[in-house]
Amino acid sequence: MNKIYPMNQKEYKKLLQIASENVAFGIYAVEKKGYAELRNDKCKSITQLKELTRQFKSQGYKVLANR
């Protein structure tokens, strides 16, 4: 189900806002230069969230998450 949708920054920011509202505690997006991926990684603890965040950051991503 990997699908790529090209969009401009304005559309992306609106989509990020919606994603942020739908993931109460977890990672809702990761970004890299010229690439962004919306996610729905819900975490059960702050430890789990930190561990998942570290994994993405070690791969060079900027992580967008709600705590």
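Distance cut-off 25 Å, Cα to Cα: go down the list Lys10/Lys44; Lys13/Lys57; Lys3/Lys50; Lys3/Lys42 and report the pairs above it.
Lys10/Lys44; Lys3/Lys50
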Notebook entry, point to check: Per-residue ellipticity at 222 nm for the chain, helices alone: DSSP H runs ≥ 4 residues times -39500 (n - 2.57), over residue total, nearest 500 deg cm²/dmol?
Noted result: -13000 deg cm²/dmol
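At R0 = 35 Å, how high is the FRET efficiency between Ile46 and Gln9 if r is their beta carbon distance? Nearest 0.05 is fine. Intermediate results must be reported in sequence, preceding the final value.
Details: r = 31 Å, r/R0 = 0.88.
E(calc), rounded to 0.05, equals 0.70.
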Item checked: For region 25-66: accessible area per residue (Å², 1.4 Å) -> 67
Next item on the list: Take the Cα radius of gyration of region 25-66 and divide it by 2.2 N^0.38 Å, with N its residue count; two decimals is plenty.
Entry: 1.07
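Which FRET efficiency value, to the nearest 0.05, is calculated for Gln59 and Ala24 with the Förster distance at 22 angstrom and r the Cβ-Cβ distance? Display every interim value, and only then the final one.
Details: r = 25 Å, r/R0 = 1.11.
With R0 = 22 Å, the Cβ-Cβ based efficiency is 0.35.
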Check: Just Leu49, Leu15, Leu38 to compare: in a GNM of the chain, with alpha carbon springs under 10 Å, which one fluctuates most?
Finding: Leu15
Next item on the list: With only Lys, Arg, Asp and Glu charged, each at its Cβ (+1 for the first two, -1 for the last two), find how big the charge dipole of region 1-41 is about the Cα centre; round to the nearest 20 debye.
Entry: 180
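The values are calculated or read from the model by the stated rules, or taken from the named source; none is laboratory data. Just so we're clear, the structure is a prediction, and the values are computed from it rather than from any experiment. Ideal geometry is used to build each Cβ from the backbone, glycine not excepted, and the neighbour counts take in all protein chains shown. These accessible areas exclude ligands, DNA and RNA; they are computed on the full protein's heavy atoms, side chains included. Shrake-Rupley method; radii C 1.70, N 1.55, O 1.52, S 1.80 Å.
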